[in-house]
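**Q** Mind looking over this structure? Questions follow.
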Amino acid sequence: MRIDVVSIFPDYLAPLDLSLPGRARASGLLDLHVHDLRDWTRDRHRTVDDTPYGGGAGMVMKPEPWGEALDEVVSTGSTSDEGRSTSDEGRSTSDEGGSTLIVPTPSGVPLTQALARDLSTREHLVFACGRYEGIDQRVMDHFADRVEVLEVSLGDFVLNGGEVAALAIIEAVVRLLPGFMGNAASLDEESHEDGLLEYPVYTKPASWRGLDVPEILLSGDHGRIAAWRHDQRVRRTRERRPDLLPPGPISD
Ligand code: ADE
């Protein structure tokens, strides 16, 4: 998979060299490129924002640098540069269909495990990290005619920009790449894979600060342990995330 990230703070993406994405890059599963949006500005001040039409607080990211950046980045990703052609307007018209443009924003569709799984099957992800009040809507509207555009939210809270959200989405996606995680079973068992939260986990010592590991986990009875864990998952989900539970009783 190839991932391109465009941001006015490319240094924010430095953690992608570490940990899971870093390993995926080292193993060749992930080809990652981070770009500075200001490289596509044309004025002396490298301006990327302006006041909003219609008034209101804050600044909006200008469409021109985003347009030029994404023209280039979207078309480089999905296939090799060979066969790239150029339209009358001077725009690349190579096989852009394999690219998905992701714009992190609090007004996007929620990131779910199902969406992360879907994204992990894509050939090329391009992240457009906005700042300020967001990116001029015409950028998303324009690219929606050329590639799939997904405005994605991490949740019902507001970050200062899309970079941290892009990091989170990339980590959620990259760990699902085939051949990436050593233990595939641990992927199937985790929270959100089947609509329930994960059961509580324990390790040695069996007693710590007066707190004991639940007796059943020491019993060696795998059937009872599995039933207990399922029960814990249902309880937890009911308490913390009742919105995840289907209506009616939960089967065992
Ligand atoms: N940018 C700012 N806030 C965000 C959020 N909650 N999710 C995704 N991108 C964001």
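**Q** If you take every residue apart from ASP118 with its C-beta less than 14 Å away from the C-beta of ASP118, what net charge results, scoring Lys and Arg +1 and Asp and Glu -1?
**A** On the way: positive: ARG117, ARG122; negative: GLU123, GLU148, GLU193.
Net of charged neighbours comes to -1.
**Q** For labels at GLN137 and LEU159 in the simple 7 Å Cα→Cβ model, what's the distance in nm?
**A** Inter-label distance under the simple model: 2.4 nm.
**Q** Here's a follow-up. Which FRET efficiency value, to the nearest 0.05, do you get for ASP17 and ARG38 by plugging their Cβ-Cβ distance into 1/(1 + (r/R0)^6) with R0 = 30 Å?
**A** On the way: r = 21 Å, r/R0 = 0.71.
E between ASP17 and ARG38, to the nearest 0.05, is 0.90.
**Q** A follow-up question, please. Please give the peptides 42-53, 15-26, 59-70 ranked by average Cβ packing (other Cβ atoms within 10 Å per residue), highest first, as a rough proxy for protection. Don't jump to the answer; show the numbers that get you there.
**A** Values: 42-53: 12.2, 15-26: 15.9, 59-70: 19.7.
Going by the mean number of other Cβ atoms within 10 Å, highest first, we get 59-70, 15-26, 42-53.
**Q** If packing is taken as the average count of other Cβ atoms within 10 Å, what order do 172-180, 198-206 fall into, highest mean first?
**A** Values: 172-180: 17.8, 198-206: 11.4.
Going from most to least packed, we get 172-180, 198-206.
**Q** Still on this model: Only helical DSSP H runs with n ≥ 4 go in: add -39500 (n - 2.57) per run for the chain, normalise by residue count and round the 222 nm mean residue ellipticity to 500 deg cm²/dmol. Could you put the intermediate results ahead of the total?
**A** Numbers: 7 runs with 76 residues, N = 252.
It lands at -9000 deg cm²/dmol.
**Q** Applying 1/(1 + (r/R0)^6) with R0 = 30 Å to the Cβ-Cβ distance of LEU218 and GLU239, what FRET efficiency is obtained, to the nearest 0.05? Kindly include the intermediate steps, with their values, before the conclusion.
**A** Details: r = 25 Å, r/R0 = 0.83.
Rounded to the nearest 0.05, the efficiency is 0.75.
**Q** Ignoring any ligand, DNA or RNA, what whole percent of the accessible area of the chain comes from carbon and sulfur when the probe is 1.4 angstrom? All intermediate terms of the calculation are to be shown ahead of the outcome.
**A** Details: 7170 of 14310 Å².
Reported share for carbon and sulfur atoms: 50 percent.
**Q** Rounded to whole Å and sorted largest first, what semi-axes of the equivalent ellipsoid does the C-alpha gyration tensor of the chain yield via the square root of 5 times each eigenvalue? Before the final figure, lay out each step's value.
**A** Values: eigenvalues 351, 88, 59 Å².
Working through the eigenvalues yields semi-axes of 42, 21, 17 Å.
**Q** Still on this structure: So how far apart, in nm, are the two label points at GLU64 and ASP194 if each is 7 Å from Cα heading toward Cβ?
**A** Inter-label distance under the simple model: 5.6 nm.
**Q** Between MET181 and GLU148, what length comes free when the chain is fully extended (0.36 nm per residue of separation minus the Cα-Cα distance, one decimal in nm)? All intermediate terms of the calculation are to be shown ahead of the outcome.
**A** Working: separation 33, 0.36 × 33 = 11.88 nm, distance 2.72 nm.
9.2 nm is the gain from fully extending MET181 to GLU148.
The values are calculated or read from the model by the stated rules, or taken from the named source; none is laboratory data. These numbers come from a predicted model, not from an experiment. All Cβ positions, glycine included, derive from the backbone under ideal geometry; neighbour counts span all protein chains shown. Areas reflect the complete protein model, heavy atoms only, side chains present, ligands, DNA and RNA absent. Shrake-Rupley method; radii C 1.70, N 1.55, O 1.52, S 1.80 Å.
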